[in-house]
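Right, one structure below, let's go through it.
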Amino acid sequence: MNTKSALLVGVGGQGTILASRIFTQGLLDAGWDVKMSEVHGMAQRGGSVSTQVRWGRQVFSPLIGPGAADLVLAFEKMEAVRYQEYLAPDGIAVVSSLEIPSAPISAGLCPYPSGCLDGLRRHHRCIEVKAGEIAQSLGNRKCMNVVLLGAMAEALDMGAMDWETAIRNTVPSRFLELNLAAFQAGRAAVRGEAV
Amino acid sequence: MKRYLMSGNEAIARGAYEAGIQVCSAYPGTPSTEILENLPQYRDVLYSEWAPNEKVAAEMAYGASIAGARSLCAMKHVGLNVAADPIFSAAYNGVGGAYIVVTADDPSMHSSQNEQDNRHYARAAKIAMVEPSDSQECLDFVKAACWISEEFDIPVLFRTTTRISHSKSPVVLGEREEVSLRPFQRKTGKYVAIPANAARNHPKLEENLRRLEAYGNTCSLNRMEIHGSRIGVIAASTAYQYAREAFPADTSFLKLGLTNPLPMDLIRRFAGMVEELYVIEELDDFMEQQIRAAGIACKGKEQTGKLYELNPQLLRQRIFGEEPGGCAPEEPVPSRPPALCPGCPHRGFFYTMAQHPDLLVSGDIGCYTLGASEPLNAMDSALCMGGGFTVAMGMAKALEFSGSPHRKVFGVLGDSTFFHSGMTGAAEILYNQGQVVPVILDNSITGMTGHQDNPGTGRTLQGDMAAKISIEKVLEAYGYEKILVVDPQDLSAMGQAVEEAADSTVPTAIVARRPCLLIPGRKIQKSLCQVDPQVCIGCRKCGKAGCPAISFRDKKAQIDPAQCVGCTVCAQICPVHAISKEDCE
Ligand SMILES: Cc1ncc(C[n+]2csc(CCOP(=O)(O)OP(=O)(O)O)c2C)c(N)n1
């Protein structure tokens with residue numbers, strides 16, 4: 001298999017790092033070589049954040065440039081568009097419907113670009129997931145990141161891999177059931193979309 | 001063999017443990033911070049600490065080396081500027097136990113004020129340098145660096161970049177090698193850096209470097225990967241990984257791990273094996289310049305450029321002219337800059353300064369640098385840690401000549417920065433009598449880098465209780481006559497303190513004290529501010545505080561309950577009292 005690449009993007013504090021931690025652990029357990037690159041520091045103060053994950057038989061670069069991602073998983077809508085040029089021509093975007101206004105928007109300097117996914121859709125397959133609503137229906141909005149993780153795994157055709165062990169080894173045990181359900185709900189959301 | 005997914009920093013910490021290192025010191029700084037954060041787990045066999053600054057860390061670790069222990073200090077790239085003095089002289093003295101200096105550079109400035117290339121320090125200071133290219137090498141190279149340091153009697157610069165320190169890749173662990181302390185002996189000629197000794201030690205250092213270069217020509221840290229004779233690439237660190245992916249499969253590589261001194265014989269041999277030679281490196285042409293100077297033809301920088309991080313697609317584009325495949329957004333996406341958190345204690349201070357355009361603000365590096373961004377826009381300069389007080393002093397002295405209408409300059413820095421390098425500035429202001437008010441924004445933690453303890457917090461890295469140094473007692477001992485301790489979240493008290501200090505004719509300092517909300521383990525009573533839309537007149541004054549929880553819809557302010565912590569800064573600003581606070585359970 002050629003090296004695969006996914007980019008997880010969102011807003012500082014949204015739990016992108018936990019999701020990528022589960023994802024990379026699952027890939028490692030499955031025997032792949034894995035590299036993951038995250039950015040800490042200043043950006044975490046509510047700024048735009050991204051984590052890159054790459055896996056395959058032998059992975060060299062932890063980093064990709066524009067036009068090289070098989071998938072972008074966006075925890076926030078506008079962030080999907082910010083990073084869209086990282087997608088390879090046949091790359092897929094999996095996007096949470098959540099809208100979080102950034103400072104210039106809150107200050108009234110510009111509107112939230114609500115229809116921003118339309119442009120993305122013209123070039124790429126784009127799967128929108130109501131991750132917030134799904135997480136809420138499972139009883140805890142906080143598991144939104146694992147809903148999205150399930151959606152990503154399904155979109156990559158890797159939904160059937162053993163993710164349970166990775167989730168079990170990463171989340172606190174009292175949240176295990178919730179997160180397992182969240183993962184499956186994310187998968188189901190993508191399957192529903194695909195038909 | 002079990003593989004663990006580890007960041008480079010975690011692997012360096014593990015490497016320190018396995019290499020038998022006994023003493024480690026650091027001052028936090030992205031992307032180096034997690035190295036020390038991962039060491040207290042080994043406290044039974046390895047002492048680790050946060051030093052007040054990088055110079056202290058480098059000196060402290062060097063002392064441990066003289067006393068016979070293997071030691072390590074760590075810092076971000078700009079930290080090495082602070083620590084440079086002891087390291088340049090330690091090169092002449094040589095080491096007792098191994099002495100490793102980790103520098104974590106930040107190409108692309110993800111979290112830094114510049115992207116300086118610290119490889120130059122290895123050459124300038126005449127010390128060895130190793131550069132790992134993934135997490136496994138981070139672990140292995142600590143052991144190799146210890147051996148080099150002791151074998152060649154030389155400090156070793158261990159250089160990473162953000163993508164080495166913060167990328168995770170699989171690592172296989174080893175066992176700790178117990179290294180017994182080399183018995184301490186007084187060696188005045190070696191360890192006392194006076195001119196006569198330095199004059200004797202310099203030729204020894206040059207000889208050690210010569211031996212080290214010869215070692216580099218054959219050692220396993222530098223290896224050839226021969227796949228063809230058409231193109232050859234010389235690379236180290238993360239640039240090697242990018243090049244492996246960007247160049248065609250028949251490209252041969254000279255992958256370097258020991259990069260100072262450069263193994264010139266090996267490089268010459270490799271150059272002779274290929275038709276076309278590239279040197280691929282991020283930032284400066286550190287290797288390329290030396291290789292060209294040795295008379296070996298090569299290319300690289302002209303195509304790759306000296307700015308920012310590289311990646312495989314960028315290399316393909318710049319070297320082979322391949323256009324990247326991605327398509328940019330059709331409409332520009334609104335920016336999402338970082339901002340002071342909701343409830344951040346720094347907000348009240350900067351909001352207050354924003355109301356005083358007659359006062360200049362010389363800022364510093366920390367979370368509070370965000371006071372410079374819109375809409376607060378309350379800072380005139382920020383240079384480097386400690387510069388807040390001293391740059392203010394220069395501004396004030398210059399303004400005295402210009403007849404400027406500015407009343408005073410407020411020099412602003414945080415508690416961690418005060419202990420790092422602010423205290424000397426506080427002395428400068430008093431000694432040379434500047435029209436400067438030193439302000440310490442004391443949020444009782446080193447916030448920007450992820451909440452590390454410092455000499456003012458009463459705790460150590462290893463989790464022990466410690467002396468809590470009082471900032472106001474330090475200022476008092478210096479001779480500040482008025483020290484105004486104020487809660488920055490109380491806007492009227494903050495405003496009064498600023499006015500009083502601005503008008504004061506005696507040396508006056510401000511300590512704006514309120515702990516950061518994000519200090520781990522800190523219990524906060526959750527409360528919430530709410531806007532009464534009937535009362536709100538849509539004047540947007542509350543928005544001037546730059547709180548991420550506040551937005552405006554239909555000409556009314558609204559507060560996001562998921563973000564608000566009830567700090568009430570917006571409520572205090574509101575001219576019509578439309579915002580009220582409620583406690584939640
Ligand atoms: C010489 C140097 N060392 C380390 C850093 C990294 N760094 C940036 S801000 C900061 C700490 C600031 O802490 P403090 O002054 O308490 O302010 P806070 O962020 O808590 O508001 C550090 C360590 C740096 N920029 N320069």
Count - residues of region B:209-260 that are surrounded by fewer than 23 Cβ atoms within 10 Å (Cβ to Cβ) and of a type in the set (Gly, Ala, Ser):
6
Only one of these is touching a strand residue (DSSP E or B) at 6+ places or on another chain (Cβ under 8 Å) and either in a loop (DSSP other than H, G, I, E, B) or within 28 Å of B:Thr33 (Cβ to Cβ) (or both): B:Leu399, B:Leu484, B:Leu461. Name it.
B:Leu461
Filter region B:514-539 for residues that are more than 16 Å from the ligand (Cβ to nearest atom), surrounded by fewer than 16 Cβ atoms within 10 Å (Cβ to Cβ) and either assigned to a loop (DSSP other than H, G, I, E, B) or free of Cβ contacts under 8 Å to residues at least 24 places away in the same chain (or both) and give the result.
B:Gly521, B:Lys523, B:Ile524, B:Gln525, B:Lys526, B:Asp532, B:Pro533, B:Gln534, B:Val535, B:Ile537, B:Gly538, B:Cys539
Out of region B:416-437, which residues are of a type outside the set (S, T, N, Q), more than 15 Å from B:Tyr368 (Cβ to Cβ) and either within 16 Å of the ligand (Cβ to nearest atom) or within 14 Å of another protein chain (Cβ to nearest Cβ) (or both)?
B:Phe419, B:Met423, B:Gly425, B:Ala426
From the list B:Pro329, B:Pro357, which residue is of a type outside the set (Lys, Arg) and within 14 Å of another protein chain (Cβ to nearest Cβ)?
B:Pro329
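When you go through B:Ile35, B:Ile87 one by one, which is the residue that is within 14 Å of chain A (Cβ to nearest Cβ), away from the ligand (no atom under 12 Å from the Cβ), touching a residue at least 60 places away in the same chain (Cβ under 8 Å) and in a helix (DSSP H, G or I)? Give the derivation first.
Working: B:Ile87 fails: within 14 Å of chain A (Cβ to nearest Cβ).
Going through B:Ile35, B:Ile87 in turn, just one is within 14 Å of chain A (Cβ to nearest Cβ), away from the ligand (no atom under 12 Å from the Cβ), touching a residue at least 60 places away in the same chain (Cβ under 8 Å) and in a helix (DSSP H, G or I): B:Ile35.
Picking from A:Val72, A:Val59, A:Val95, which residue would you name as being of a type outside the set (S, T, N, Q), without any contact (Cβ under 8 Å) to a residue 60 or more places away in the chain and either under 28 Å from A:Leu180 (Cα atoms) or assigned to a helix (DSSP H, G or I) (or both)?
Numbers: A:Val72 fails: without any contact (Cβ under 8 Å) to a residue 60 or more places away in the chain; A:Val59 fails: either under 28 Å from A:Leu180 (Cα atoms) or assigned to a helix (DSSP H, G or I) (or both).
Within the list A:Val72, A:Val59, A:Val95, the selection yields A:Val95.
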Being in a strand (DSSP E or B) and either farther than 18 Å from B:Tyr478 by Cα or more than 16 Å from the ligand (Cβ to nearest atom) (or both) is true for just one of B:Leu413, B:Leu441. Which residue is that?
B:Leu441
Condition (residue is free of Cβ contacts under 8 Å to residues at least 60 places away in the same chain, in the same structural domain as B:Ala74 (by TED's automatic domain parsing) and closer than 26 Å to B:Val45 by Cα) applied to region B:156-164: is it met by at least one residue?
yes
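Determine whether region B:449-457 contains at least one residue that is over 19 Å from the mean Cα position of the chain (by Cα), without any contact (Cβ under 8 Å) to a residue 12 or more places away in the chain and more than 9 Å from the ligand (Cβ to nearest atom). Step through it out loud before you land on a result.
Keep residues of region B:449-457 that are over 19 Å from the mean Cα position of the chain (by Cα), which gives B:456-457.
Narrowing the set further to residues that are without any contact (Cβ under 8 Å) to a residue 12 or more places away in the chain leaves none.
For region B:449-457, residues over 19 Å from the mean Cα position of the chain (by Cα), without any contact (Cβ under 8 Å) to a residue 12 or more places away in the chain and more than 9 Å from the ligand (Cβ to nearest atom): absent.
Which residue out of B:Ala124, B:Ala104 is within 13 Å of chain A (Cβ to nearest Cβ), in contact (Cβ under 8 Å) with a residue 12 or more places away in the chain and not in a loop (DSSP other than H, G, I, E, B)?
Values: B:Ala124 fails: within 13 Å of chain A (Cβ to nearest Cβ).
The unique qualifying residue is B:Ala104.
Is it the case that some residue within region B:240-250 is farther than 29 Å from B:Ala13 by Cα, among the small types (Gly, Ala, Ser), assigned to a helix (DSSP H, G or I) and more than 14 Å from every other protein chain (Cβ to nearest Cβ)? Before the answer, list the steps.
Step one: of region B:240-250, the residues farther than 29 Å from B:Ala13 by Cα are B:246-250.
Subset that is among the small types (Gly, Ala, Ser): B:246, B:249.
When the remaining residues are screened for being assigned to a helix (DSSP H, G or I), the result is B:246.
With the extra rule that they be more than 14 Å from every other protein chain (Cβ to nearest Cβ), the set shrinks to none.
Within region B:240-250 (the criterion being farther than 29 Å from B:Ala13 by Cα, among the small types (Gly, Ala, Ser), assigned to a helix (DSSP H, G or I) and more than 14 Å from every other protein chain (Cβ to nearest Cβ)), the answer is no, since none of the residues qualifies.
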Of the residues in region A:84-117, those that are at the interface with chain B (Cβ under 9 Å from one of its Cβ atoms) and touching a strand residue (DSSP E or B) at 6+ places or on another chain (Cβ under 9 Å) number 12
What number of residues within region B:107-121 satisfy the criterion of being part of a helix (DSSP H, G or I) and not hydroxyl-bearing (Ser, Thr, Tyr)?
2
Restricting attention to region B:564-583, the residues that are in a loop (DSSP other than H, G, I, E, B) and within 16 Å of A:Ser106 (Cβ to Cβ) number exactly 1
Taking the condition in a loop (DSSP other than H, G, I, E, B) and either within 16 Å of the ligand (Cβ to nearest atom) or away from chain A (no Cβ under 14 Å) (or both), does B:Gly29 pass?
yes
Residue under question is A:Met36, and the condition is that it be of a type in the set (A, V, I, L, M, F, W, C), over 18 Å from A:Leu149 (Cα atoms) and facing another protein chain (nearest Cβ under 7 Å); does it hold?
no
Flagged in region B:546-563 as crowded, with 22+ Cβ neighbours inside 10 Å and more than 9 Å from chain A (Cβ to nearest Cβ), in numbering order, are B:Ala557
Give me the pairs, please: first residue somewhere in region B:282-306 and within 13 Å of B:Ala243 (Cβ to Cβ), second residue anywhere and part of a loop (DSSP other than H, G, I, E, B) and of a type in the set (A, V, I, L, M), beta-carbon distance under 6 Å, and either six or more positions apart or on two chains.
B:Glu282/B:Leu310
Across region B:1-26, what is the total count of residues that are within 16 Å of the ligand (Cβ to nearest atom) and either outside any strand (DSSP E or B) or polar (S, T, N, Q) (or both)?
2
Can you tell me which of (1) crowded, with 24+ Cβ neighbours inside 10 Å; (2) of a type in the set (A, V, I, L, M); (3) under 16 Å from B:Gln462 (Cβ atoms); (4) touching a Leu at 6+ places or on another chain (Cβ under 9 Å) is the one B:Ala19 doesn't meet?
(3)
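With respect to A:Gly108, determine if the residue is over 25 Å from A:Asp70 (Cβ atoms) and surrounded by fewer than 21 Cβ atoms within 10 Å (Cβ to Cβ). Don't jump to the end; show me each part of the working.
On the way: over 25 Å from A:Asp70 (Cβ atoms): yes; surrounded by fewer than 21 Cβ atoms within 10 Å (Cβ to Cβ): yes.
Against the criterion (over 25 Å from A:Asp70 (Cβ atoms) and surrounded by fewer than 21 Cβ atoms within 10 Å (Cβ to Cβ)), A:Gly108 qualifies.
The values are calculated or read from the model by the stated rules, or taken from the named source; none is laboratory data. Only a predicted model underlies this, so the values are computations on that prediction, with no experimental measurement involved. Positions of Cβ are generated from backbone atoms using ideal geometry, with glycine treated the same way; all protein chains shown enter the neighbour counts.
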